[in-house]
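**Student:** Structure in structure tokens, see below.
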Amino acid sequence: MLAFSNPNCTLICKTQVFHCFHSWKQSRFTNSTNLNLLKPIILRLVCAVGDLGQMQKVEDERSKIRWVEIKPDEINDAQRNHISRLPKKMTNRCRALMKQLICFSPEKTNLSMVLAAWVRSMKPVRADWLVVLKELGNMNHPLRFEVAEFALLEESFEPNIRDYTKMIHGYAKESRLQDAENALQAMKNRSFECDQVTLTALIHMYSKAGNFNLAKDTFEQMKLLGPPLDNRAYGSMVMAFIRAGMLEDAEILLTEMEALQVYAKSEVYKAMLRAYSMNGDSVGAQRIFDSIQIAGIIPDDKICTVLINAYVGAGKSREARVAYENMRRAGILPNDKCVGLMLDVYQKENKLKEVLDFLMDLEREGIMIGKEGSEKLARWFRDLGVVEEVELVLRDYASTET
């Protein structure tokens, strides 16, 4: 991101160095007492960059850089296509930088120098930075993080805590834990205190990474902040419990939420239901299914299928049939996975007549059997040696219906 002589410097070092260096430049006429206080900072500058001469060299190079427009003959067809799709309402100064970033080649130029030249020449404000960062995000551009890191150190960007939170969340989505933690430390170095939104992003990150202890510690830290936790904070911790296989603890937390009339998002309930279903715990699955309805979430075919799967996995065929019938009474059409599960139930009980009635019901509803259901059905009838007989019966049913 920045023109450090040591390419291995992390975001935390970059932030500390540039923030402290700019602060020191702005107050170089301070008294001797303040200069003494700055000695540790100067020492860190020496350690991070190599020596103060190199830092001054970097500043000199940044001041000498000039903005150079990209010539039309330097753009290939793919780059020209990307440039043509930039928003028409984008300002010229933002469009100019986007062209540079789209055509950027690390072999030809240095990103930090390009950005510094843009700042010096175009005098951007925060709105310009946000437009560029948003467009880079929409494009999923590989330089989006480096540009964001640079922006966080620029006065014209006017960074706030939410900018750091977005950076942390972005790194978390890419599973770049160390970069996310470096961004967190950089945020703290700028005297921004962690709030509920930032800590929620951290819980989500630690949860996805399988680091349950850090997720739990962060959640406990969040509870000490004072304001009531929202459904995102609770939901992230519930997901951490689920990923750790601690379903009872996850359900206790869900119950705690419901008592506070704070309900998790549907994705959290679905994940909980799926976890119980995969374990063959039909009792737990039914409890979560009931909680889903209490939370005001209307069950769809996927939710009902997961519940039926729990009963099938537990060997409870009768309950699976009841769940299917309830789903149908509610006007929910079964998906292919659900049809396949019901075929498993009928096959296990060896109820050929019932499965024919089941198939005719699907036919009357205009529900086509998909790949999974068809394969299971063909395999079962083949094992029974009644493929031809079933075809005759189906034809008879079809003729009576017409």
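**Student:** Kindly indicate whether Glu372 is within 35 Å of the chain's Cα centre (by Cα), at pLDDT 80 or above and among the charged types (D, E, K, R).
**Tutor:** Numbers: within 35 Å of the chain's Cα centre (by Cα): yes; at pLDDT 80 or above: yes; among the charged types (D, E, K, R): yes.
Answer is yes for this residue.
**Student:** Now for a different question. Among (1) modelled with pLDDT under 95; (2) out of contact with any Pro (no Cβ under 7 Å at 6 or more places or on another chain); (3) within 27 Å of Arg232 (Cβ to Cβ), where does Gly313 come up short?
**Tutor:** Going through the list (1) modelled with pLDDT under 95; (2) out of contact with any Pro (no Cβ under 7 Å at 6 or more places or on another chain); (3) within 27 Å of Arg232 (Cβ to Cβ), Gly313 breaks only (3).
One line per residue, one yes/no per condition, for (1) part of a loop (DSSP other than H, G, I, E, B); (2) touching a residue at least 60 places away in the same chain (Cβ under 8 Å); (3) under 24 Å from Arg382 (Cα atoms):
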| position | (1), (2), (3) |
| --- | --- |
| Ser291 | no, no, no |
| Val306 | no, no, no |
| Leu333 | yes, no, no |
| Val345 | no, no, yes |
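**Student:** On the basis of being modelled with pLDDT under 95 and either aromatic (Phe, Trp, Tyr) or outside the structural domain of Phe381 (by TED's automatic domain parsing) (or both), does Ile294 make the cut?
**Tutor:** Details: modelled with pLDDT under 95: yes; either aromatic (Phe, Trp, Tyr) or outside the structural domain of Phe381 (by TED's automatic domain parsing) (or both): yes.
Yes.
**Student:** For Tyr171, are the conditions met, namely being outside any loop (DSSP other than H, G, I, E, B), over 30 Å from Leu111 (Cβ atoms) and in contact with an Asp or Glu (Cβ under 9 Å, 6 or more places away or on another chain)? It would help to see each step written out before you state the result.
**Tutor:** Numbers: outside any loop (DSSP other than H, G, I, E, B): yes; over 30 Å from Leu111 (Cβ atoms): no; in contact with an Asp or Glu (Cβ under 9 Å, 6 or more places away or on another chain): yes.
In short, no.
**Student:** Taking the criterion of being among the basic types (Lys, Arg), crowded, with 16+ Cβ neighbours inside 10 Å and under 23 Å from the mean Cα position of the chain (by Cα), would at least one residue in the range 278-289 satisfy it? Steps first, please.
**Tutor:** Going through the range 278-289, the residues among the basic types (Lys, Arg) turn out to be 287.
Now drop any that are not crowded, with 16+ Cβ neighbours inside 10 Å, which leaves 287.
Cutting the leftovers down to under 23 Å from the mean Cα position of the chain (by Cα) gives us none.
No, that holds for no residue.
**Student:** When you check Ala285 against the structure, is it farther than 30 Å from Pro227 by Cα and not in a loop (DSSP other than H, G, I, E, B), yes or no?
**Tutor:** Numbers: farther than 30 Å from Pro227 by Cα: yes; not in a loop (DSSP other than H, G, I, E, B): yes.
Spelling it out, Ala285 is indeed farther than 30 Å from Pro227 by Cα and not in a loop (DSSP other than H, G, I, E, B).
**Student:** Among all residue pairs at least 6 apart or on different chains, which show Cβ distances below 7 Å where the first residue, located in the range 360-387, is over 13 Å from Cys338 (Cβ atoms) and in the same structural domain as Cys338 (by TED's automatic domain parsing) and the second is of a type in the set (S, T, N, Q) and buried (at least 16 other Cβ atoms within 10 Å of the Cβ)?
**Tutor:** Trp380/Gln347
**Student:** Determine whether Asp128 is farther than 22 Å from Lys166 by Cβ and free of Cβ contacts under 8 Å to residues at least 40 places away in the same chain.
**Tutor:** Values: farther than 22 Å from Lys166 by Cβ: no; free of Cβ contacts under 8 Å to residues at least 40 places away in the same chain: yes.
No, not satisfied.
**Student:** Criterion first (buried (at least 22 other Cβ atoms within 10 Å of the Cβ), closer than 20 Å to Leu115 by Cα, without any contact (Cβ under 8 Å) to a residue 60 or more places away in the chain and not polar (S, T, N, Q)) does Met205 satisfy it? Give the derivation first.
**Tutor:** Numbers: buried (at least 22 other Cβ atoms within 10 Å of the Cβ): yes; closer than 20 Å to Leu115 by Cα: no; without any contact (Cβ under 8 Å) to a residue 60 or more places away in the chain: yes; not polar (S, T, N, Q): yes.
It is false that Met205 is buried (at least 22 other Cβ atoms within 10 Å of the Cβ), closer than 20 Å to Leu115 by Cα, without any contact (Cβ under 8 Å) to a residue 60 or more places away in the chain and not polar (S, T, N, Q).
**Student:** Okay, next question. Hey, could you check the range 258-274 for residues that are among the hydrophobic types (A, V, I, L, M, F, W, C), surrounded by fewer than 21 Cβ atoms within 10 Å (Cβ to Cβ) and part of a helix (DSSP H, G or I) and say which is modelled with the highest pLDDT?
**Tutor:** Our first condition is that a residue be among the hydrophobic types (A, V, I, L, M, F, W, C); within the range 258-274, this holds for 259-260, 262, 264, 268, 271-273.
With surrounded by fewer than 21 Cβ atoms within 10 Å (Cβ to Cβ) added as a condition, the list becomes 259-260, 262, 271.
Checking which are part of a helix (DSSP H, G or I) leaves us with 259, 271.
Numbers: Ala259: 89, Ala271: 96.
Across the range 258-274, the extreme among qualifying residues is Ala271.
**Student:** Any chance you could count how many residues in the range 293-304 are touching a residue at least 24 places away in the same chain (Cβ under 8 Å), assigned to a helix (DSSP H, G or I) and over 24 Å from the mean Cα position of the chain (by Cα)?
**Tutor:** First, the residues of the range 293-304 that are touching a residue at least 24 places away in the same chain (Cβ under 8 Å): 294-297, 299-304.
From what is left, the residues that are assigned to a helix (DSSP H, G or I) are 294, 301-304.
Within this subset, residues satisfying the condition of being over 24 Å from the mean Cα position of the chain (by Cα) are 294, 301, 304.
Number of matching residues: 3.
**Student:** Do any residues in the range 69-84 that are closer than 19 Å to Lys108 by Cα have Cβ atoms under 8 Å from those of residues that are surrounded by 10 or more Cβ atoms within 10 Å (Cβ to Cβ) and of a type in the set (S, T, N, Q), where the two are at least six apart or on different chains, and which pairs are they?
**Tutor:** Listed pairs, sorted by first residue: Ile70/Gln100.
**Student:** Shifting gears a bit: Do you know which residues across the range 150-162 are surrounded by fewer than 21 Cβ atoms within 10 Å (Cβ to Cβ) and in a helix (DSSP H, G or I)?
**Tutor:** Glu155, Ser156, Phe157, Ile161, Arg162 - these are the residues of the range 150-162 that are surrounded by fewer than 21 Cβ atoms within 10 Å (Cβ to Cβ) and in a helix (DSSP H, G or I).
**Student:** Out of all the residues in the range 348-368, which are in contact with a helix residue (DSSP H, G or I) (Cβ under 6 Å, 6 or more places away or on another chain) and buried (at least 18 other Cβ atoms within 10 Å of the Cβ)?
**Tutor:** Val355
The values are calculated or read from the model by the stated rules, or taken from the named source; none is laboratory data. Predicted, not measured: the structure shown is a model, and the values here were computed from it. Glycine gets a Cβ as well: all are built from the backbone with ideal geometry, and neighbour counts include every protein chain shown.
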